Amino acid sequence: EFKINIAIDGPAGAGKSTVARKVAKELSYVYVDTGAMYRAVTWDMLNRGIDAEDETAVLERMGAIDIELVPGDEGQRVWLSGTDVTDEIRSLAVNRTVSRYAQIEGLRAELSAAQRQMALRKGVVMDGRDIGTTVLPDAEVKIFMTATVEERARRRFRELPESDEAITLEQLESEIAQRDELDRNREVSPLVCAADATVLDTTNMTIDEVAEAIVRQADLKL
Ligand code: C5P
């Protein structure tokens, strides 16, 4: 059976993961959330007290980290060296620091290599920041999803764990804007729309509409 790869990139809270999961389900493809890998690494580093400034320590620790993405009924679960950290990696502490770790070239090289490995046999819907540009430049379908920062903050607000509900929507909006800024301006694999990607502004689209638009693009290649 002929299969393709689908790359979905865009800023935080654009709805990439919800849509990617849905598209994967419809095509019976595997969904890979690369942000979860950066988050799992960040969670580990925070627990060990390793600051993103200390690149040597970060890279040394990387060697001991084992991340597993396990597809499940209610979405992908993330395991870090034998512990299920799916919920922990969505915390504000991780939100606030992940983009600093994600700037480290050696760390990105390791995660990108693992991501490419997962897509070798095709049939993957992968979301992130640099999938269409760096990880899978040959992906048959490339989407760049955006939405206004206000709408993206609202979407992220709804997915925060209960323990973090003290944050206001305005605070969250400014934190998302900061994270985008770091992701867009970093030297290695910045968040940028690939030249051959289709831009989807999802501000006024439903999840179903966005997913349908992507599946339609996939169908043209299948
Ligand atoms: O997608 P999500 O918001 O979970 O990603 C968390 C962070 O991980 C991003 O803000 C970005 O700093 C980093 N990331 C990345 N490259 C990817 C996926 C995520 O740099 N492919």
Task: Between region 138-176 and region 32-68, the Cα center-to-center distance that results, in Å - done: 22
Task: Nitroxide proxy distance, nm - points 7 Å out along Cα→Cβ at residue 148 and residue 47 - done: 4.0
TODO: For region 70-222, with all protein chains present and a 1.4 Å probe, just round the carbon and sulfur fraction of the accessible area to a whole percent.
DONE: 49
Task: Probe 1.4 Å, protein heavy atoms only - accessible area per residue of the chain in square angstrom - done: 50
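Counting only protein heavy atoms, what percent of the accessible surface of region 6-65 is carbon or sulfur at a 1.4 Å probe?
Numbers: 1030 of 2360 Å².
Carbon and sulfur: 44 percent of the exposed surface of region 6-65.
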Task: Under 5 Å, built H, 5+ apart or other chain: amide partners of residue 201 - done: 146
Task: J(HN,Hα) series, region 69-75, from Karplus relation 6.51 cos²θ - 1.76 cosθ + 1.60, nearest Hz, glycine and proline x - done: 9, 10, x, x, 4, 9, x
Task: Rounded to whole Hz, the Karplus (6.51, -1.76, 1.60) HN-Hα couplings of region 36-51, x for glycine and proline - done: 4, 6, 5, 5, 5, 4, 4, 4, 4, 5, 4, 4, 8, x, 9, 7
TODO: Using the Cα centre as the reference, give the magnitude of the dipole from point charges on the C-beta atoms of region 1-139 (Lys, Arg: +1; Asp, Glu: -1; all else neutral), rounded to the nearest 20 debye.
DONE: 440
- [ ] Above 13 angstrom, tally the Cα pairs of region 67-115 and express them as a % of all pairs, no decimals.
- [x] 67
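In what sequence, highest mean first, do 63-75, 41-53, 129-141, 192-204 appear when ranked by Cβ atoms within 10 angstrom? All intermediate terms of the calculation are to be shown ahead of the outcome.
On the way: 63-75: 12.0, 41-53: 17.8, 129-141: 22.2, 192-204: 15.2.
Packing proxy ranking, top to bottom: 129-141, 41-53, 192-204, 63-75.
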Open item on the list: Can you compute 3J(HN,Hα) from phi for each residue in region 2-16, using the Karplus curve 6.51 cos²θ - 1.76 cosθ + 1.60 with θ = phi - 60°, rounded to whole Hz and x for Gly and Pro?
Closed with: 6, 10, 10, 10, 10, 9, 10, 10, x, x, 4, x, 6, x, 3
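Looking at region 49-203, send over the antiparallel percent of its DSSP beta bridges, to the nearest 5. Write down the numbers at each step before the final one.
On the way: 6 of 10 bridges.
Of all bridge pairs located within region 49-203, approximately 60 percent are antiparallel.
The values are calculated or read from the model by the stated rules, or taken from the named source; none is laboratory data. Note that the structure is predicted; figures quoted are calculated from it, not measured. Here Cβ is always computed from backbone atoms with ideal geometry, including for glycine, and neighbour counts include all displayed protein chains. Heads up: the accessible areas ignore ligands, DNA and RNA and are worked out on the full protein's heavy atoms, side chains in. Shrake-Rupley method; radii C 1.70, N 1.55, O 1.52, S 1.80 Å.
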